[in-house]
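Okay, structure first, notes after.
The values are calculated or read from the model by the stated rules, or taken from the named source; none is laboratory data. If you're wondering where the values come from, they're calculated on a predicted model, not measured in any experiment. When we count neighbours, we look across all protein chains shown, and the Cβ atoms used for this are built from the backbone with ideal geometry, even at glycine. Heavy atoms of the whole protein, side chains included, go into the accessibility calculation; ligands, DNA and RNA do not. Shrake-Rupley method; radii C 1.70, N 1.55, O 1.52, S 1.80 Å.
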Amino acid sequence: MPYVQEVYEKIKRKNPNEPEFLQAVKEVFDSLQPVFDKHPEYRSCNILERITEPERQLMFRVPWVDDQGNIRVNRGYRIEFSSAIGPYKGGLRFHASVNLSIIKFLGFEQIFKNSLTMLSMGGGKGGSDFNPKGKSDAEVMRFCQSFMTELQRHIGADTDVPAGDIGVGGREIGFMFGQYKRLRNEFTGVLTGKGLNWGGSPGRKEATGYGAVYFAQEMLKDRKQSFDGKTVVVSGSGNVSIYSIEKVHQLGGRVVALSDSNGFVYDPEGINLDTVKNIKEVRRGRIKEYCEIHKHAKYSDKNRDIWTVKCDVAIPSATQNEINGEEAKTLVKNGCICVSEGANMPTTPEGVEVFLKAGVSYGPGKAANAGGVAVSGLEMSQNSMRLSWTFEEVDQKLHNIMRNIYNTCRDVADKYGKPNNLVVGANIGGFQKVVDAMMSQGIV
Ligand code: NDP
C-alpha cells in the first residue's frame, strides 16, 4: 500500500466519527505521494502522522442567559492545529451545525492556506454550536462574553489570533474583543476583523470575496478571458458572497443568483448589491426579501437548485459540500468554465473530479479564499507597527498575494506533472513550507 494511503487508514481508525475532517485529510493526501517519492526523509520523520494530529484541542462549556432569563449552554472549540510557521491563525464559526469534525477540517485546511499566503501564520480554527440567527444583540453579546471568558486564557497576539467565519462578523468580533480587553487589561491585536477605528484593517471585510474574484481573474487570464460580460453565480449571501459580487461587478461581470440556507434568488438583470447589503448587513434579513423589492426577480425555496442557473463562472461561498457530483455535472453542462471557491471545501470529492475531468478552471478553497486570512495577516502587521495602511494599499497587497498564490499553485502543479490541477498545486505548495519548518524544529 502506498505510504500516504497507509497513514490515511491509520487516521481513519483514530478519528472514526469525523467525516469532514477525514474528507479534508484525504483530499490533501491524494496529492502528496509524489512529494514522498522525492523526499524519503519526510517519511522517516513520520511527518503525516504528526501534521494530522492537532498540537492542542480545546473544548469548553459556554453558559449564557437568554432574554427570557433561561440559562443556555453551548459548546466552544478551539483547535490549535499547527504553529510550525507562525502563531495559530484562523476564524471562529458560530453555527448550529458546528462539531469537532467540522472545526478540525477547517483547522487542517487553514495550515496549508496560511502557508500559501507566504505570511507567517500557523493554522487554527474554532467556534461553537451557538446559532446567532434570531438572537437579540444583547443575547449575542452575553454569549460572546462567556465564550471569550474561557478562550482568553488560550490566545494572544503572539500565540493564537482568531478571526471571523460563518456567524462571526464585526459585531461578534467587537463583543469578544471588548471582553478580552477587560479580562486581560491589554489592547493587543488578539483578534482580526476588528472595527476600523479600533485596530482593524481597511479591506479586511472585503478581502475574502475580492480575493476569490482576483483568483478567478488569474484563472480566466490563463484561458485568455476576463470577467467582462461573464454571467456569474455566487452562493450564500454573507460576507464572502457580498464582496465577491461587488468585485465581479467592478470587473464587468454580472452576478445573476445568490442564496441562503432557505432558498435562492435569480435576477436575470443582475443582482442589485445595494439591496442585498441593506437586507443582510443592515437588517440581518433573509434574501427572499429581495424579490419584494425587485419584482422581476424569482425566488425558489430549493437553495441547491442555484447550481441549475446557467453561468460562465461559479463562486460557491456558503458552506462545505454545497456542490456534489451531479450539481457539478449540471454546471459543466450549462457551460461553466471557472469555479473559484469562496467557501471552505464547498465541492465534494466527486464534484472536484467532474470539474477537473471537464477542464474547468477550478480554484480550491484553500487557495482561492486565502485573501481573508492574508488581510488578517496584514492587520496583525499593522497592529504590531501601530500604523494603519489605506484601503488602496491593502487592496494592492491583497491583489499581489492572490496573484502569487495562483502562480505558486500553477507552477507546482506543472512541476509535479499535473498541469492545470490547482488542487495538487495548492496542496503541495502549502505543504512543503510547513513540513520544512517542522523538520528544522525537531520532534515537537
Ligand atoms: P456568513 O455567516 O457571513 O455567511 C454565510 C452564508 O452562507 C449565509 O448566506 C448562510 O445562509 C449561508 N450558509 C451557511 N451555512 C449554510 C448551509 N448549511 N446551507 C446553505 N447555506 C448556508 O459567513 P462567511 O461569508 O464569512 O463564510 C462563508 C464561507 O466562506 C464559509 O465556508 C467560510 O468558512 C468561508 N470563508 C470565510 C472567510 C471570511 O473571511 N469570512 C475566509 C475564508 C473562508 P443563512 O444565513 O441562511 O445561514
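Just one of the numbered conditions (1) more than 26 Å from residue 73 (Cβ to Cβ); (2) open to solvent by less than 40 Å² (accessible area, probe 1.4 Å); (3) in contact with a helix residue (DSSP H, G or I) (Cβ under 8 Å, 6 or more places away or on another chain) is not true of residue 220; which one?
The single condition residue 220 does not satisfy is (3).
Taking the range 53-75, which residues are surrounded by 15 or more Cβ atoms within 10 Å (Cβ to Cβ) and more than 14 Å from residue 140 (Cα to Cα)?
Hits for the range 53-75 are 54, 55, 57, 58, 60, 75.
Could you check how many residues of the range 116-172 are touching a strand residue (DSSP E or B) at 6+ places or on another chain (Cβ under 8 Å), within 16 Å of the ligand (Cβ to nearest atom) and of a type in the set (Ser, Thr, Tyr)?
Within the range 116-172, residues that are touching a strand residue (DSSP E or B) at 6+ places or on another chain (Cβ under 8 Å), within 16 Å of the ligand (Cβ to nearest atom) and of a type in the set (Ser, Thr, Tyr) number 1.
Since residue 424 meets every condition but one in (1) among the β-branched types (Val, Ile, Thr); (2) open to solvent by less than 10 Å² (accessible area, probe 1.4 Å); (3) in contact with a Ser or Thr (Cβ under 9 Å, 6 or more places away or on another chain), which condition does it not meet?
With respect to (1) among the β-branched types (Val, Ile, Thr); (2) open to solvent by less than 10 Å² (accessible area, probe 1.4 Å); (3) in contact with a Ser or Thr (Cβ under 9 Å, 6 or more places away or on another chain), residue 424 is out only on (2).
Hey, can you tell me all the residues within the range 270-306 that are away from the ligand (no atom under 15 Å from the Cβ), part of a helix (DSSP H, G or I) and within 26 Å of residue 327 (Cβ to Cβ)?
If the condition is that a residue be away from the ligand (no atom under 15 Å from the Cβ), part of a helix (DSSP H, G or I) and within 26 Å of residue 327 (Cβ to Cβ), then 291 is the only one that fits.
Pairs only if they're at least six apart or on different chains, beta carbon under 6 angstrom, first in the range 211-235 and among the hydrophobic types (A, V, I, L, M, F, W, C), second open to solvent by 40 Å² or more (accessible area, probe 1.4 Å); list them, first residue then second.
So the pair list comes out as 220/226; 227/251.
So, in the range 92-108, how many residues would count as being surrounded by 24 or more Cβ atoms within 10 Å (Cβ to Cβ) and within 9 Å of the ligand (Cβ to nearest atom)?
Total meeting the criteria: 3.
Criterion first (within 11 Å of the ligand (Cβ to nearest atom) and at pLDDT 95 or above) does residue 342 satisfy it?
Yes.
Scan the range 224-246 and give yes if some residue there is open to solvent by less than 60 Å² (accessible area, probe 1.4 Å) and either outside the structural domain of residue 342 (by TED's automatic domain parsing) or at positive phi (or both), otherwise no.
Yes - at least one qualifying residue is present in the range 224-246.
Can we say residue 407 is more than 18 Å from residue 89 (Cβ to Cβ) and open to solvent by less than 80 Å² (accessible area, probe 1.4 Å)?
Yes: the conditions hold for residue 407.
So which pairs qualify, if the first residue must be in the range 394-421 and closer than 14 Å to residue 119 by Cα, the second must be among the β-branched types (Val, Ile, Thr) and in a helix (DSSP H, G or I), the Cβ gap must be under 6 Å, and the two must be at least 6 apart or on different chains?
So the pair list comes out as 398/375.
When only residues in the range 313-326 that are away from the ligand (no atom under 13 Å from the Cβ) and open to solvent by less than 50 Å² (accessible area, probe 1.4 Å) count, which is farthest from residue 227 (Cα to Cα)?
325
What single numbered condition from (1) on the phi < 0 side of the Ramachandran plot; (2) more than 15 Å from the ligand (Cβ to nearest atom); (3) not in a helix (DSSP H, G or I) fails to hold for residue 261?
Evaluating residue 261 over (1) on the phi < 0 side of the Ramachandran plot; (2) more than 15 Å from the ligand (Cβ to nearest atom); (3) not in a helix (DSSP H, G or I) leaves (2) as the failure.
Mind counting the residues in the range 124-137 that are open to solvent by 40 Å² or more (accessible area, probe 1.4 Å) and more than 20 Å from residue 280 (Cβ to Cβ)?
1
Given (1) farther than 20 Å from residue 191 by Cα; (2) of a type outside the set (Asp, Glu); (3) in contact with a Ser or Thr (Cβ under 7 Å, 6 or more places away or on another chain), where does residue 70 come up short, assuming only one miss?
(3)
Give the residues of the range 273-307 that are open to solvent by 70 Å² or more (accessible area, probe 1.4 Å), over 24 Å from the mean Cα position of the chain (by Cα) and β-branched (Val, Ile, Thr), sorted by residue number.
Matches in the range 273-307: 293 only.
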